[in-house]
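> My questions all concern the structure below.
No value in this document is a laboratory result; all are computed from the given coordinates. No experiment lies behind these values; they were computed from the predicted model shown. Glycine gets a Cβ as well: all are built from the backbone with ideal geometry, and neighbour counts include every protein chain shown.
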Amino acid sequence: MRRRRFYVEVALAGLTGALTLLTLITREWIEALTGWDPDGGNGSLEWAIVAVLAVCCAALSVTAWRESLRPAAASS
């Protein structure tokens, strides 16, 4: 039986991966959702968000993979 941590990491990796793809496809979703446009429309913030989300997705994927390799705890 896998620990709850594995499922949380997989869910967060999926969420950050989906947000990465969404930001790559349409960068305006952030402004549409929040009404906030700090970069004045030049797109630099969106590229930074893509980079941060991609790194988070990769890190969470690796930690979920490592968690899946751990032996299951013996149940009493």
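> Going by the structure shown, is residue 66 on the phi < 0 side of the Ramachandran plot, touching a helix residue (DSSP H, G or I) at 6+ places or on another chain (Cβ under 8 Å) and basic (Lys, Arg)? Reasoning before the result, please.
Values: on the phi < 0 side of the Ramachandran plot: yes; touching a helix residue (DSSP H, G or I) at 6+ places or on another chain (Cβ under 8 Å): no; basic (Lys, Arg): yes.
It is false that residue 66 is on the phi < 0 side of the Ramachandran plot, touching a helix residue (DSSP H, G or I) at 6+ places or on another chain (Cβ under 8 Å) and basic (Lys, Arg).
> When you scan region 50-61, do you find a residue that is over 21 Å from residue 8 (Cβ atoms) and either surrounded by 13 or more Cβ atoms within 10 Å (Cβ to Cβ) or hydroxyl-bearing (Ser, Thr, Tyr) (or both), even just one?
Within region 50-61, the first condition is being over 21 Å from residue 8 (Cβ atoms), and the residues that meet it are 50-51.
Filter once more, so that each one left must be either surrounded by 13 or more Cβ atoms within 10 Å (Cβ to Cβ) or hydroxyl-bearing (Ser, Thr, Tyr) (or both): 50.
Taking every residue of region 50-61 in turn, at least one turns out to be over 21 Å from residue 8 (Cβ atoms) and either surrounded by 13 or more Cβ atoms within 10 Å (Cβ to Cβ) or hydroxyl-bearing (Ser, Thr, Tyr) (or both).
> Also: Got at least one residue in region 35-42 being assigned to a helix (DSSP H, G or I) and free of Cβ contacts under 8 Å to residues at least 24 places away in the same chain?
Looking only at region 35-42, we keep the residues that are assigned to a helix (DSSP H, G or I), and these are none.
Scanning region 35-42 turns up no residue that is assigned to a helix (DSSP H, G or I) and free of Cβ contacts under 8 Å to residues at least 24 places away in the same chain.
> Same structure again: Would you please name the residue that is farthest from residue 19 (Cα to Cα), looking only at residues in region 51-67 that are under 10 Å from the mean Cα position of the chain (by Cα) and free of Cβ contacts under 8 Å to residues at least 40 places away in the same chain? So that I can check it myself, show each step before the final result.
Filtering region 51-67 for residues under 10 Å from the mean Cα position of the chain (by Cα) gives 52-61.
Then drop every residue that is not free of Cβ contacts under 8 Å to residues at least 40 places away in the same chain, which leaves 52-55, 58-59.
Numbers: 52: 11, 53: 7, 54: 9, 55: 12, 58: 13, 59: 15 Å.
So the residue we want is 59.
> Being out of contact with any Asp or Glu (no Cβ under 7 Å at 6 or more places or on another chain), over 14 Å from residue 52 (Cβ atoms) and of a type outside the set (Ser, Thr, Tyr) is the filter here, so list the residues in region 23-38 that pass it. Don't jump to the end; show me each part of the working.
Applying the first criterion (out of contact with any Asp or Glu (no Cβ under 7 Å at 6 or more places or on another chain)) to region 23-38 yields 24-26, 28-29, 32-36, 38.
Restricting the remaining residues to those that are over 14 Å from residue 52 (Cβ atoms) gives 25-26, 28-29, 32-36, 38.
Result: 25, 28, 29, 32, 33, 35, 36, 38.
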